[in-house]
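Student: I have a structure I would like to understand better, so I am pasting it below and will then ask my questions one at a time.
The values are calculated or read from the model by the stated rules, or taken from the named source; none is laboratory data. Computed from a predicted structure; not experimentally measured. No Cβ is skipped: glycine too gets one built from the backbone with ideal geometry, and neighbour counts run over all protein chains shown. The protein model used for the area step is the full one, side chains on, heavy atoms only, and it has no ligands, DNA or RNA in it. Shrake-Rupley method; radii C 1.70, N 1.55, O 1.52, S 1.80 Å.
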Amino acid sequence: MLGDWGHLGFLILVGIALPGTALVVSVLLGLFKIRPKLPNSVKLATYECGVETEGPSHVQFHVGYYVFALLFVVFDIESIFLYPWAVAYRHEAIYGLVEAVIFIGVLVLGLAYAWKKQALVWR
Amino acid sequence: MTALSGFLLSQWYDLRDLGNPVRALIDWINGWGDGTTFHWVGYIVAGLIGAAAIGLFLGIAMLSLIWIERKAVSRIQIRYGPNRTGPFGLLQPVADALKLMQKEALTPLAGDKIVFWLAPVVIFIPTLLVFGVLPFGPKMTAANISVAVLYIVAIGSATPLVIFMAGWSSNNKYSLLGAMRGIAMAISYEIPMVLSLLGVVLFTGHMDLNGIVQWQQKYHVWLIVLQPLAALTYFISASAELNRTPTDIAEAESEIVAGYHTEYSGMKFGLFYAVELGNALAVSGIWATLFFGGWWLFGLDRWIPAWLIFLGKMYILYGALIITRGTLPRLRIDQLLDFAWKFLLPLALVNVLVVALEVTIWQENGISAGIVLPVFAVVNILLSVVLVVGYVQSFGFARRQRPRRARLITDTLAAMPQ
Amino acid sequence: MSGVGPVSAFYVLAVLSIGSALMVMAARSIIHAVLFLVLFFVSLAAMFVLLSADFVAVAQLLVYAGAIGVLVVFAILLTPSREQRGMETKFVGPGLLAGAVVAGTVIFIAFNTNWPTASNDFPSTVDAIGQALLNRWALPFEIASVLLIAAMIGAIVIVGGRGVDLDPGAAGPSARLVRRER
């Protein structure tokens, strides 16, 4: 078991090495003057369709994003709870069914509330 | 000569199953010395071979996908597509890669340089980690972990944060806007994705991908027949996270320049482009494994190498992604979020409850699988058709927004954009 | 946990997690702090893997690195004054004190508890957790759903009266245009 997880560690190394090689090659091409490197202030400016950028770039965002993130966290945790239930389900099927119906039912109530209160509407 | 007799063997010289020579090599290394001291060498060699093989496979697959994708999409749009570089434009991916490498790469002055450089590198890790758990054959999984189904979703949930890194460090309003839109959509579609996979786990009782494939082998059925609703929800929600055309609001080029990679140029942009294709291939691989039997093909896997079957399924299912990309227009963010929360999420919840009920009926009464699975298949297909059609009939149409007959505008100021 | 591989992995992860946790405090930019926080969550998940708690590891990855990370990012981006650099406040002293007290307590408990040790290769934990949820901990399982719905309703109530400016019913010429088209 642990060994298999360790193989994923090797994969992370490859995952860094693969794009890393591409970037290093690209930098080396720059060093050997194959790749042009002629920066000027216009090129390095923030691109906004040719118009000079105005105000801070890291603008304030609407609270709607946060609401969806909160709903996401709630349902994420719900589904995490349901996975061990699903694996162990066949040991005690009827009892497990009742338990899950109550669990999901409560959260469906929450979803219905959010729907009713227009919290699922993007604005 | 036995290697040519038709059946696949598990001898090292049967190169049709690529796992055989590797296993022989590792067994040989493990046998060094007194047979116990050098296991760590075998472990490291096995890990490096697996990781390098997946990296190599992904690299080649990305190059091939660039050509397949461009050619297929242009055929859908009645164009020729790439046809100048090599026969049928086959060398186009190489030309693309070379061009991207020798282009001038700009880093915006106002940006956050470290995060800006880190984002295109880090974004590769989730993709490779997903491929690490996919079973390419009965014994060809780099990491056969027992919580693989949930692991795939968890790894996938890291990608939006990397996209945020890219969007935020560019110090560009469009980049940040694209990244935020992308995250909002990705998290909304993650819930139906998790719940649809829950149906599969519930039905099979397995959370490791090899176990699910062997379950399908044991009962001689593809899970898409038994779980059409889960397959549909998974396909839609997983393809929504890929930033491809019907759902590419994170990089909608007609609205926000290029979204989160507006400021990226040269090879760094190329990396983002390649990762998108890799993620799409991963999704079709997961779809093939969970719903189309993975490396198993109704007994044919005794003659055809398992990895070839799996690759074939993966590329065929990739076609479904190309067709969605080529035929659907881009949706607005409010439509997408509505679709996730009000259509896919209820469907996935209904699916979970139906599957739980069916498993109860099956397990408690001890009915044989030969009788109960066809019934479940028919019931589930009918149910999914009824649910989808019924839902579309009752909620799917937008309220009529325009009057039936033309009207004169009496208040000119009201119609003028101000 | 024994053998060269797991032990060396433990030390790498220990350095990674403590380092990233320290960088959360030390980072000057709040977004960098969030990114280090996510790195910390990920290394903690890897720690859980080393303890053979694979399900907890994946849950940690999904809920903390995925969901909580996104939540914190969104929370920061809807704060108008987040660009303020230099977060020296007068709470540095009390904060360090509180942190030291918590750390001391945790270390004290860690060294004074008789930890049970598991066998080296642990079977999958998911099935065991599921059976525990089905039998002994059925009531907490249900209460968890009530807790989740309470959190959801709270979130909806807090941001209840938002988004009036974009409603078609609101005042303004563009709103009138929208209403006319209906």
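Student: Please list the radius of gyration and Dmax for region B:98-393, considering alpha-carbon atoms only, with Å as the unit.
Tutor: 20.3, 69
Student: Run the simple label-point estimate for C:Arg136 and A:Val24 please: 7 Å along Cα→C-beta, distance reported in nm.
Tutor: Between C:Arg136 and A:Val24, the simple spin-label model gives 5.1 nm.
Student: Right, here's the next one. Which shape class, rounded, prolate or oblate, goes with region B:107-196 when its Cα gyration tensor gives a ≥ b ≥ c as root eigenvalues, a/c under 1.5 marks rounded, and past that a/b bigger than b/c marks prolate? It would help to have the intermediate numbers written out before the result.
Tutor: Numbers: a/c = 4.35, a/b = 1.80, b/c = 2.41.
Because a/c hits 1.5 or more and a/b fails to exceed b/c, region B:107-196 counts as oblate.
Student: Still on this structure, I have one more. Keeping all protein chains in the complex and leaving out DNA, RNA and ligands, what accessible area do you get for B:Trp362 with a 1.4 Å probe, in Å² to the nearest 10?
Tutor: Estimated to the nearest 10 Å², B:Trp362 gives 20 Å².
Student: Rounded if a/c is under 1.5, else prolate if a/b beats b/c, else oblate: with a ≥ b ≥ c from the C-alpha gyration tensor eigenvalues square-rooted, which is region C:1-81?
Tutor: oblate
Student: Take each of the peptides B:364-372, C:71-79, B:119-127, average the number of other beta-carbon atoms within 10 Å over its residues, and list them starting from the highest.
Tutor: Averaged packing, sorted descending, gives the order B:119-127, C:71-79, B:364-372.
Student: Calculate the spin-label point distance for B:Leu48 paired with B:Phe88, positioning each point 7 Å from the Cα along the beta-carbon direction, and give it in nanometres.
Tutor: Those two pseudo-labels are separated by 3.7 nm.
Student: May I pose another question? Using R₀ = 45 Å, calculate the FRET efficiency as 1/(1 + (r/R₀)^6) where r is the Cβ-Cβ separation of C:Met25 and C:Leu51; round to 0.05.
Tutor: Step by step, r from the Cβ atoms, then E = 0.95.
Student: Now a separate question. In a GNM of chain A with a 10 Å cut-off on Cα contacts, which of A:Val87, A:Val24, A:Val63 has the highest mean-square fluctuation?
Tutor: For chain A, modelled as a Gaussian network with Cα springs under 10 Å, the answer is A:Val24.
Student: Still on this model: Inside 10 Å of the C-beta atoms of B:117-125, what's the mean count of C-beta atoms belonging to other chains? Walk me through the numbers before you get to the answer.
Tutor: Values: counts 1, 1, 0, 4, 8, 4, 2, 9, 10.
The per-residue average across the peptide is 4.
Student: Report the accessible surface area buried between chains A and C, summing both sides, using a 1.4 Å probe on protein heavy atoms only, in Å² rounded to the nearest 100.
Tutor: That pair of chains buries around 4600 Å² in total.
Student: Rounded to a whole number, what is D in µm²/s for region A:49-105 from Stokes-Einstein with the Kirkwood radius over alpha-carbon pairs (20 °C, 1.002 mPa s)?
Tutor: On the way: Rh = 15.1 Å.
Estimated via Stokes-Einstein, D reaches 142 µm²/s.
Student: Okay, moving on. Using alpha carbons only, how many degrees (0 to 90, rounded to 10) separate the axis of helix A:2-31 from the longest principal axis of chain A?
Tutor: Once rounded, the angle reads 20 degrees.
Student: Return the single residue from A:Pro39, A:Pro56, A:Pro19 with maximal mean-square fluctuation; model: Gaussian network over chain A, springs between Cα atoms under 10 Å.
Tutor: A:Pro19
Student: Please give, to one decimal in nm, the separation of the simple spin-label points placed at A:Leu38 and A:Leu109, each 7 Å out from Cα toward the Cβ.
Tutor: If labels sit at A:Leu38 and A:Leu109, their model points lie 7.0 nm apart.
Student: I've got another one for you. Taking every pair of distinct Cα atoms and averaging 1/r, then inverting, what Kirkwood hydrodynamic radius in Å comes out for the protein assembly as shown?
Tutor: Working: mean 1/r = 0.0360 Å⁻¹.
Kirkwood hydrodynamic radius for the protein assembly as shown: 27.8 Å.
Student: What does the C-alpha gyration tensor say about the overall shape of region B:71-149? Classify as rounded when a/c is under 1.5, otherwise prolate if a/b is larger than b/c, or oblate.
Tutor: Note, shape of region B:71-149 comes out oblate.
Student: Kirkwood hydrodynamic radius, computed over distinct alpha-carbon pairs, for chain A: how many Å, to one decimal?
Tutor: 21.2 Å
Student: Let me ask another. Set the Förster radius R0 to 56 Å, insert the Cβ-Cβ distance between B:Ile381 and C:Val15 as r into 1/(1 + (r/R0)^6), and round the FRET efficiency to 0.05.
Tutor: The value I calculate is 0.55.
Student: List the DSSP H helices in chain B whose Cα atoms stretch 20 Å or more along the helix axis and whose mean Kyte-Doolittle hydropathy is at least -1.0.
Tutor: Values: long enough: B:39-76 (53 Å, 1.38); B:173-204 (46 Å, 1.32); B:266-291 (38 Å, 1.13); B:306-327 (32 Å, 1.23); B:345-365 (30 Å, 1.30); B:369-395 (37 Å, 2.18).
For chain B, where a helix must reach 20 Å along its axis and average at least -1.0, the hits are B:39-76, B:173-204, B:266-291, B:306-327, B:345-365, B:369-395.
Student: Let me ask you something else. For chain B, set up a Gaussian network in which alpha carbons nearer than 10 Å are linked by springs, and say which option among B:Gly111, B:Gly167, B:Gly178 fluctuates the most.
Tutor: Residue with maximal mean-square fluctuation among B:Gly111, B:Gly167, B:Gly178: B:Gly111.
Student: Tell me, what is the percent relative contact order of region B:125-190, built from C-alpha pairs under 8 Å that lie six or more residues apart?
Tutor: After rounding, I find 26 percent.
Student: Let me have the relative contact order for region C:1-81, percent, based on Cα pairs under 8 Å that are six or more residues apart.
Tutor: 26 percent
Student: Any idea what the relative contact order of chain B is, in percent, if you count C-alpha pairs under 8 Å spaced at least 6 apart?
Tutor: Answer for chain B is 19 percent.
Student: Right, something else. Could you work out what % of the accessible surface of the protein assembly as shown is carbon and sulfur, using a 1.4 angstrom probe and leaving DNA, RNA and ligands out of the count?
Tutor: The C+S portion of the solvent-accessible surface of the protein assembly as shown is 71 percent.
Student: Can you give me the C-alpha center-to-center distance between region B:214-239 and region B:325-393, rounded to a whole angstrom?
Tutor: Using only Cα atoms, the two centres lie 11 Å from each other.
Student: How many partner chain Cβ atoms sit within 10 Å of a residue's Cβ in peptide B:173-185, on average, as a whole number?
Tutor: Per residue, the average neighbour count from other chains is 4.
Student: Using a cut-off of 16 Å between alpha-carbon atoms, which lysines can reach B:Lys113, once sequence neighbours fewer than 8 places away in the same chain are excluded?
Tutor: Here the lysines satisfying the reach criterion relative to B:Lys113 are A:Lys43, B:Lys268.
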